[in-house]
Amino acid sequence: MSESYDAVVIGAGPNGLSCGAYLARAGAKVAVIERCVETGGGLVTQELSGFRLNHHALYMMLAELMPPYQELDLSSRGVSFVRPEVQAAFLFEGGKSLTLHLDAAESRRSVEALCQADGERFAVMYEEFGAMCQRFLIPATYFPPIPPIEQTQLLETSGELGSRIAAFSEMSPREVIDEYGFEDPRVKAAFLYLGMMFGIDADEGGLGFLLPIYVYRLMNNAIVRGGSHQLSSALRRSLEEDGAEVITGTAVDEILMEDGRATGVRLGDGKEIRCRAVVSTLNPVQTFTKLVPEGTFPEEVEDGAREWEWEEWSLFMVNSGIVGEAPHYEGYDESVDEALMVVMGYECPEDVIAHSEAAKAGSVDHMAGHATVPSLFDPLQAPNHVPFGTPHVLRWETWAPYDRDWLSERDAFAERCMEFWAGYAPNLRERNTRVSVCWSPKDIETQLATMARGSIKHGAYTSLQMGYNRPLPDCSEYTTPVDGLFVAGASTHPGGMVIMGPGYNASRAVASALGIELPWPQLDSVRLACERGYLSLDALAEDAALPEEDE
Ligand SMILES: Cc1cc2nc3c(=O)[nH]c(=O)nc-3n(C[C@H](O)[C@H](O)[C@H](O)COP(=O)(O)OP(=O)(O)OC[C@H]3O[C@@H](n4cnc5c(N)ncnc54)[C@H](O)[C@@H]3O)c2cc1C
């Protein structure tokens, strides 16, 4: 049996769902195919005995700025965000702490309590990071990548801020932190951790521009009310309301090719679906070497996929539903108890780097990480009635290597993590754990085939795998050398995390190729960035038009 669509999207993670939802809203006939029984990819919320455990993505950074939130009206489909005032707390020896707040003046006061002179340095840095993000880095998230030479020229000729961003783009994250001259190693450690938290190497040249993004995002951070999966459900609802079909529990095994063109997909159950555009949100190894016969792509694309670099370290998570008190950080400022993220185990930048190096080298000896109690901010995440006490959901997150015998080590490591946390919050030792699930890098890969070696961003961030090079220069504008085949996942610009840039940008490229007019103009922020000279429509390649009918 064969059905026909304008577009078939492979993978129903945040990017596949958002890409499909835009296309469906614009009038295309769309099918989204998902291997797992539920949509969402990294947007997983599992409900166990009433405790909602967000096994993967929890932090929604600058959540309201994701275009689908406004343009697809996700709030009327059940999405709202909770944004705690105390965004992050860093715990140091001797009861000292640093708290970062939505209110920058509060954050400055906390920095000053550690080191008076660093307060002014923080204010300068935060203002500059804010300007960089609002004027260029956020708009560039929702705009196709511009070839590096053209992008650098645009930035350098646009004025002082642009030149500074261009300079940061040559540096490493550690060098960018050093620019601000912080005296207190604890302050430096805190901002370096935020920059590296999602697996970014401190010393990777050409990635300095990521530090402002992650520091700014993680100081404007939220969780989804009711659990991260609510975001997936709302996107699915939007798709289905616009007539799209969402097929779950079946993998795409093959991309069908005719006369060098992608013309559809074959599912695991043998069913074939024909379409004018196939949009893959899978990683480059899957898309370019597994789903098509060898020789489909030019040699440089196949070689590029084979040489694709995975992330060098991944995450280990423990998510538990407990009955007992929320953690109380004994001996610390009381605002620490109210923080969305509490970071433990780093006194100086060298500690942060030593932890990432240990994880890269395959070791789990270095203990540090951060914790969140989602139920503190959102009562929906824990059952509303449990006998014998107050229910809470706990989440512990730390860096971890992929190459370990996780099957035998996982539970013992989870216990070590929870004991480390309880070293700071001793009341946790009194908890009654009702449900607990831990995820090693190997479990991540097993659940989401896109995240090979636990690569939460579908591939390392290196200067050769970012911007116009992501995933490969031949496929960086969401088109590929194969007519009718598009890419849209975290392995495309701007990369991983729940920001929906790849899905949003790809939907525009696919719509244009299908000859469908999108009812949305460019975002105001993008238009302004073009007017200010940071971005330019002229620097983009021509769109690839697809034939009207599938012959
Ligand atoms: C432990 C962990 C913690 C994280 N924490 C955060 C966080 O706090 N904040 C944040 O923003 N991000 C976080 N992330 C990262 C974020 O989840 C990902 O970067 C994001 O989900 C990528 O979105 P995507 O749509 O490109 O791909 P994915 O979410 O990987 O979705 C791709 C989908 O394709 C499906 N698929 C795979 N193969 C096939 C096939 N052959 N046929 C059909 N379907 C297929 C997969 O099952 C999956 O559902 C975390 C990730 C992990 C693993």
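Just to confirm my numbers, what's the Cα centroid distance between the range 30-70 and the range 98-135 in Å?
Using only Cα atoms, the two centres lie 31 Å from each other.
Arrange the peptides 272-283, 215-226 so that the one whose residues have, on average, the most other Cβ atoms within 10 Å appears first.
Going from most to least packed, we get 272-283, 215-226.
Would you mind working out the accessible area per residue for the range 139-245, using a 1.4 Å probe, and quoting it in Å²?
With the other protein chains kept in place, the range 139-245 gives 32 Å² per residue.
Taking the Cα centre of the range 6-147 as origin, sum charge times position over the Cβ atoms of Lys and Arg (+1) and Asp and Glu (-1), and report the length of that vector in debye to the nearest 20.
340
Of all chymotrypsin sites (Phe, Trp or Tyr not before Pro) in the range 339-408, which ones are in loop regions per DSSP and have a Cβ with at most 11 other Cβ atoms within 10 Å?
388
Would you mind calculating the gained length between residue 377 and residue 432 on full extension (0.36 nm times residue separation, minus the Cα-Cα distance), in nm to one decimal? Working shown, then result.
On the way: separation 55, 0.36 × 55 = 19.80 nm, distance 2.04 nm.
Stretched fully, the residue 377-residue 432 segment lengthens by 17.8 nm.
What number results when the radius of gyration of the range 70-183, computed over Cα atoms, is divided by 2.2 N^0.38 Å?
Working: Rg = 17.9 Å, N = 114, 2.2 N^0.38 = 13.3 Å.
Here the answer is 1.34, to two decimals.
If you plug each phi of the range 234-249 into the Karplus form 6.51 cos²θ - 1.76 cosθ + 1.60 with θ = phi - 60°, what whole-Hz ³J(HN,Hα) values come out, in order, with x for Gly and Pro?
Taking θ as phi minus 60°, the curve returns 5, 5, 5, 4, 4, 4, 5, 4, 8, x, 7, 9, 10, 10, 10, x Hz for the range 234-249.
Of the peptides 516-524, 245-253, how do they stack up when ordered by the mean number of other Cβ atoms within 10 Å, highest first?
245-253, 516-524
Could you tell me how far the Cα centroid of the range 381-398 sits from the Cα centroid of the range 283-335, in Å?
Measuring centre to centre over Cα atoms gives 26 Å.
Only loop residues by DSSP count here, and only those with at most 16 other Cβ atoms within 10 Å; note down the GluC sites (Glu not before Pro) in the range 1-90 that meet that.
Numbers: sites: 3, 34, 38, 47, 64, 71, 85; in loops: 38, 85.
The qualifying sites are 85.
Taking only the C-alpha atoms, wrap a convex hull around the range 226-354 and report its volume per residue in Å³ as a whole number. Could the numbers behind the result be given before it?
Numbers: hull volume 26.8 nm³, N = 129.
That works out to 208 Å³ per residue.
Quick one: grab the alpha carbon gyration tensor of the range 408-452, order the square roots of its eigenvalues as a ≥ b ≥ c, and give me rounded if a/c is under 1.5, else prolate or oblate depending on whether a/b is larger than b/c.
Values: a/c = 2.92, a/b = 2.42, b/c = 1.21.
Judged from the Cα gyration tensor, the range 408-452 comes out prolate (a/c at least 1.5, a/b above b/c).
Relative contact order, percent, of the chain when contacts are C-alpha pairs under 8 Å separated by at least 6 residues? Walk me through the intermediate numbers first.
Values: 1205 pairs, mean separation 131.8, N = 551.
Here the relative contact order equals 24 percent.
Round to the nearest 0.05 the FRET efficiency obtained for residue 75 and residue 241 when R0 = 25 Å and r is the Cβ-Cβ distance.
0.95
Work out Dmax and Rg for the chain from the C-alpha atoms and quote the Rg first, both in angstrom.
Radius of gyration, then largest Cα-Cα span, for the chain: 22.9, 72 Å.
How many lysine pairs in the chain, separated by 8 or more positions in sequence or lying on different chains, have Cα atoms less than 17 Å apart?
Lysine pairs meeting the criterion: 4.
Can you pull the one-decimal nm distance between simple spin-label points at residue 416 and residue 524, each 7 Å off the Cα toward Cβ?
Here the answer is 5.1 nm between the modelled labels.
With everything on Cα atoms, drop me the angle between helix 349-360 and the longest principal axis of the chain, reported from 0 to 90° to the nearest 10.
So the inclination is approximately 50 degrees.
Among the GluC sites (Glu not before Pro) in the range 165-210, which ones are in a DSSP loop with at most 16 other Cβ atoms within 10 Å of the Cβ? Mind listing them?
Loop-located and lightly packed - 170, 183.
Expressed as cubic angstrom per residue, what is the convex hull volume of the alpha carbon set of the range 34-77?
Considering the Cα atoms of the range 34-77, their hull volume per residue is 111 Å³.
Take residue 183, project a point 7 Å from its Cα along the Cβ direction, then tell me which residues of the range 345-369 have their backbone nitrogen under 19 Å from it.
Correct set: 348-349.
The values are calculated or read from the model by the stated rules, or taken from the named source; none is laboratory data. Quick caveat: nothing in here was measured; it's all calculated off a predicted structure. Using ideal geometry, Cβ is built from the backbone for each residue, glycine included, and neighbour counts are taken over all protein chains shown. Quick note on the areas: whole protein, heavy atoms, side chains included, nothing else; ligands and nucleic acids left out. Shrake-Rupley method; radii C 1.70, N 1.55, O 1.52, S 1.80 Å.
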